[in-house]
Every structure is written in C-alpha cells, then in structure tokens.
Amino acid sequence: MSNALGGLGMAEQTDVGALKRQLAECIRMLERADIIDFNGHCSIRIGDDRILINQGNCQRSRITAADIVTIDMEGRLIEGAGNPPLEFHLHTGVYRARKDVKAVVHAHPKWSTYLSMTGHAYLPVFAQGVLPGDAPVLDTPTSINTREMADRLAAVLGDRPAALMKSHGAVTVGASIVEAFVLAVYLEENAQRQYMALQIGKPYVFDAEDQRMAREKLWSASLFQRTWDHYKAKLEG
C-alpha cells in the first residue's frame, strides 16, 4: 500500500522510519552473532494495534529498512513490500497478552535449542545469564503460526522476559528492541557456557542471592545500550 501511513503526522512518520532502521540493524546484528540464520524475525509495537516486523522472505544478513513492513494485530499488511513471516502470530500473541512489551525477538539459536532438545533446564551460570529469567519451555517444536499456538506460547512466557520452544528456538521480549536484543544475546551466551561446562562437570548455578545481585547491577538501560553498541560496532568494522 503506497499511502497506508498517510494519516500519520510527519514527526511520527520520521519516528517509524528510525524504528525500521533500528529493527533492521537488530536483525543484522543477530545474524552476525549466529543467533538468527536465514529464518527468525523481530518486531516493534507502534501504537496499540500495529507492529513493525521484517518481511518473511528477506535476506537477514543484508536486511534494510525497506524489508520492514507494518501489519495490524491480525497480520494484515498495512504498509511495505512483502508479506510478514508465517509466525507473525508469535509476535501479536505476545503483544495481546503483555501490554508492557514493546519489542519481540524470535530466533533459532543453537546453544539454547540444544538445552531444550535434551530436556536440560536453562540455568543461570554467569551474571548476564540471570537477566532472561528461568526461560520456561513450550513443550512442542510446532511453529507458532496460529493464534492458538501463539496463546500457548504467551501463557508459557507469562510475565517473564524469555522463553524457549522445544527443539525450535527462543523468544525474548522487552520495553525496547535494544532490551529484547540484549536479552537474546545473554540467553544464548549463558546457554553456550552451560552446555560447555556440562561437558567437563557440573556447572555452578547462581543461587537466589547471586541472581538478585546480578539483576540489581546489570538490569540497566545504559548497560543494555553498551551491549547493543558493542555488536553494532562489529557491523561497522
């Protein structure tokens, strides 16, 4: 649709343009970090009934703002070229259930998926790994491509920042795309460390007090931004 955003003011259109660029940047960073591959998708909520999301058939390693589309909560295309991914339901289901969530990342990261494949619970084994929470598992590898499946995932996620999908992937959510991105990075880094430690012994798991102190120290907008900037610099290098 060529003029679907015609009802927006100029400032809001500019803001949407900046969010599209940020969303594309997020996906390129996740692809460079080997967290997203040729699949995976990220979104940002704009207003109460619209989201920005990458179109389903774009090249994740080269995605630009032109590959970001606007859809409504039923998945109908409002603006942009191309259709949303089949799993758009995953995003809209989370947004329906969680008014606090402004951004969603869904990826198929290998290390955390190894855990869900083998029935190993995600356990915080380093400080940043505390922030995604206990990452409960949706006990099916089925794609989240129906409203029913989206509601099941949202129920498993609850009020947490992250969840896993058995032999499938992971989802992280946040108050911004920066937050959702960083939580996805921390989730996968923790899963890799947990997996590798299991090869030589029983890893130390942060206890309740360790976790409390880690959250108090590390749940910080400035630290999230610093992590984002670290990965952004890799794109520019």
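The values are calculated or read from the model by the stated rules, or taken from the named source; none is laboratory data. On a predicted model such as this, the values are computed, not experimentally measured, just so you know. Glycine gets a Cβ as well: all are built from the backbone with ideal geometry, and neighbour counts include every protein chain shown.
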Worksheet item: Out of curiosity, is Asn39 of a type in the set (S, T, N, Q) and free of Cβ contacts under 8 Å to residues at least 40 places away in the same chain?
Response: no
Worksheet item: With respect to Ala135, is the statement that it is on the phi > 0 side of the Ramachandran plot, in contact (Cβ under 8 Å) with a residue 12 or more places away in the chain and under 15 Å from the mean Cα position of the chain (by Cα) true?
Response: yes
Practice prompt. Scan Ala214, Ala221 and give me the residue that is under 20 Å from Ala135 (Cβ atoms) and surrounded by 11 or more Cβ atoms within 10 Å (Cβ to Cβ).
Written response: Ala214
Worksheet item: If a residue has to be over 13 Å from Gln22 (Cα atoms), modelled with pLDDT of 95 or more and of a type in the set (Asp, Glu) to count, how many in segment 42-78 make the cut?
Response: 2
Practice prompt. Determine which single condition Val69 fails, assuming it passes every other condition in (1) crowded, with 22+ Cβ neighbours inside 10 Å; (2) hydrophobic (A, V, I, L, M, F, W, C); (3) within 24 Å of Trp111 (Cα to Cα).
Written response: (3)
